[in-house]
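The values are calculated or read from the model by the stated rules, or taken from the named source; none is laboratory data. The structure displayed is predicted, hence computed values, not measured ones. Every residue, glycine among them, receives a Cβ derived from its backbone with ideal geometry; neighbour counts consider all protein chains shown. Calculation scope for accessible area: heavy atoms of the full protein, side chains included, ligands and nucleic acids excluded. Shrake-Rupley method; radii C 1.70, N 1.55, O 1.52, S 1.80 Å.
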Amino acid sequence: MAARKPKVIVTRKLPDPVETRLRELFDTELNLTDAPMSREALTEAVKTAAALVPTITDKIDAELIAQAGDQLKLIANFGAGVDHIDVAAANARGVTVTNTPGVLTDDTADLTMALIMAVARRVVEGANVAQSGGFTGWTPTWMMGRRITGKRLGIIGMGRIGQAVARRARAFGMSIHYHNRKPVSHVIAEELGATYWESLDQMLARMDVISVNCPHTPATYHLLSARRLKLLQPHAIVVNTARGEIIDEAALADLLAKGGIAGAGLDVFEFEPAINPKLLKLPNAVLLPHLGSATVEARIDMGEKVIVNIKTWADGHRPPDRVIPAML
Ligand code: 8YV
């Protein structure tokens, strides 16, 4: 007789092909309504599932993990970032945590470039004028933005996504600078022509554009604090496609409002989905609703990764994308 399939609970609606495959392989409970699960429903899920598939909208904290039954063995996150999961608490209870790195790198890097361009060239402002019938004729000095070719881009966090942003920015003629816990290999540094800044403060004061591409951890919370944001030059642009908590959002909004920097492009927010009301009123802030990995291809590939992680675990092997707290 075939072994019983493990019970898998998925907290949000995933792309159809992913859900179908999950149902074929495992005893899978889907969330067809796509409403985020309540705390009670999540508690029930960790008491009954062998593998839980959460997303960024689920808070899997130590308190929730403490309520899990012994049957819970795997948290296979649909997403790369795991700052909504207490990985140490899960591991301490013998629960493995996996994520979906790699498959959303290019899409997130593309969106980072889109934000850089949108802010520098006033794309959204211009589109709003045109769409509202406000384009009354070309003028030599109207709606001028800033060229990005020849400018300095400072990347905070030179992991997969940071490097993918660097490659794209190089093609746009930008020079690459970065701050990271440690320098990248000589080979990569050479390929990207990248300059390493051990001191974030030093880098911030010299860049034209800053892109945030590091994970959110206790060490990166408010890394761009009010003090550090003030180090930026008045013509600087800040772009964040990583996590809102890395920037002091209130301080950024104040700085933008008083012209302390030229603009910001934000795909993520400190209190997501809430956005600081000040930002909503600023023409020099381009705001997106967390679209970094929102392509059909990325979302299906993320699902594939989730499936591979669950299947390898179910077959008695170590899943490929285990998150190790020391790596964070
Ligand atoms: C995902 C993300 O869509 O993967 C990540 O870390 O930020 C997003 O692009 C989201 O996390 C899904 O859970």
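Odds and ends about this structure:
- Among 221-232, 122-133, sorting by the average number of other beta carbon atoms lying within 10 angstrom of each residue, highest first, gives 221-232, 122-133.
- Rounded, prolate or oblate (a/c below 1.5 giving rounded, otherwise prolate when a/b exceeds b/c) for segment 1-60 by Cα gyration tensor: oblate
- Using Cβ point charges alone (K and R +1, D and E -1), the dipole size of the chain about the Cα centre works out to roughly 740 debye.
- Relative contact order %, the chain, counting alpha carbon pairs below 8 Å whose residues are six or more apart: 17 percent
- Projected onto its three principal axes, the C-alpha set of the chain covers 77, 49, 33 Å, listed from the longest axis down.
- At the listed q of 0.16, 0.18, 0.30 Å⁻¹, the Debye profile of segment 104-157, built from one uniform point per Cα, gives log10 I(q)/I(0) equal to -0.63, -0.74, -1.23.
- Taken about its Cα centre, segment 105-287 carries a charge dipole of about 500 debye when Lys and Arg each add +1 at the Cβ and Asp and Glu each add -1 at the Cβ.
- Pairs of Lys residues in the chain are counted when their Cα atoms are under 18 angstrom apart and they lie 8 or more places apart or on different chains; the count is 18.
- Expressed to the nearest 5 percent, the antiparallel share of DSSP beta bridges inside segment 105-287 is 5 percent.
- Protein accessible area in the chain, 1.4 Å probe - carbon and sulfur %: 56 percent
- Residue 16-residue 171 pseudo-label distance in nm [points 7 Å out on the Cα-to-Cβ vector]: 3.2 nm
- Distance from the Cα centroid of segment 308-322 to that of segment 163-213 is 34 Å (rounded to whole angstrom).
- Unit charges at the beta carbon, dipole of the chain: most positive-side option, 66, 242, 137: 137
- Spatially, segment 66-106 and segment 216-264 are offset by 29 Å when compared through their Cα centroids.
- Full-extension gain in nm, residue 61 to residue 296, via 0.36 nm per residue minus C-alpha separation: 81.7 nm
- Of the GluC sites (Glu not before Pro) in segment 176-233, those whose Cβ has at most 11 other Cβ within 10 Å and which sit in DSSP loop: 198
- Residues within the reach of a label modelled at residue 250 (point 7 angstrom out along Cα to beta-carbon, backbone nitrogen below 20 Å), restricted to segment 257-297, are 257-261, 268-282.
- Heavy-atom accessible area, probed at 1.4 angstrom with all protein chains present, ranks 147, 4, 23 as 4, 147, 23, highest first.
- Debye-sum result for segment 105-287 in log10 I(q)/I(0), which assumes one identical scatterer on each alpha carbon, at q = 0.17 Å⁻¹: -1.06
- Dipole of segment 66-145, positive direction: furthest Cα of 79, 128, 96, with charges on the beta-carbon: 128
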